[in-house]
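Comments concern the structure below.
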Amino acid sequence: RQLQLTEEEKRLLAQEGVTLPGTLPLTQAEERILKKVRRKIRNKQSAQDSRRRRKEYLDGLESRAAACSAQNQELRKKVQELEQRNGLLLRQLQALIKQTSNKAAQTGTCVLV
């Protein structure tokens, strides 16, 4: 049987200065080397996946933070507008109270006369 190696496996084996025979079975030492190389490849892929997921997560957080910041700005503006409106209504109410208290005093004076 033929030994099927990926390009990545061939590259790592060459990097370690190991050449495996092109046919099976392999010796125990060759099996260990091949397992080690395949484990390195899996670990590398796992690390890449982990970095990709972390980047996606951080991008999501940054996006949410930007959205919250924009919403916060809108809400601050709305609060400011409502505070101004509230101040205006309060002044109008005080003016009405002043007017009605003056009328009541005049009416009372008229009644007493």
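For this structure, a couple of remarks:
- Acute angle (nearest 10 degrees) that the helix 28-112 long axis makes with the longest principal axis of the chain, alpha-carbon atoms: 0
- Sequence-distant lysines (8 or more away, or on other chains) whose Cα lies within less than 17 Å of LYS36: LYS10, LYS44
- Helix content alone sets the calculated 222 nm mean residue ellipticity of the chain: runs of n ≥ 4 DSSP H residues at -39500 (n - 2.57) each, divided across all residues, give -31000 deg cm²/dmol.
- Top of LEU26, LEU96, LEU12 by mean-square fluctuation, Gaussian network on the chain, Cα under 10 Å: LEU96
- Placing GLU16, GLU74 in order of accessible area, with the largest value first and a 1.4 Å probe, yields GLU74, GLU16.
- Using 0.36 nm per residue and subtracting the Cα-Cα separation, the extra length available between ALA67 and ASN102 on full extension is 7.4 nm.
The values are calculated or read from the model by the stated rules, or taken from the named source; none is laboratory data. Only a predicted model underlies this, so the values are computations on that prediction, with no experimental measurement involved. The accessibility values were calculated without ligands, DNA or RNA, using every heavy atom of the protein model including side chains. Shrake-Rupley method; radii C 1.70, N 1.55, O 1.52, S 1.80 Å.
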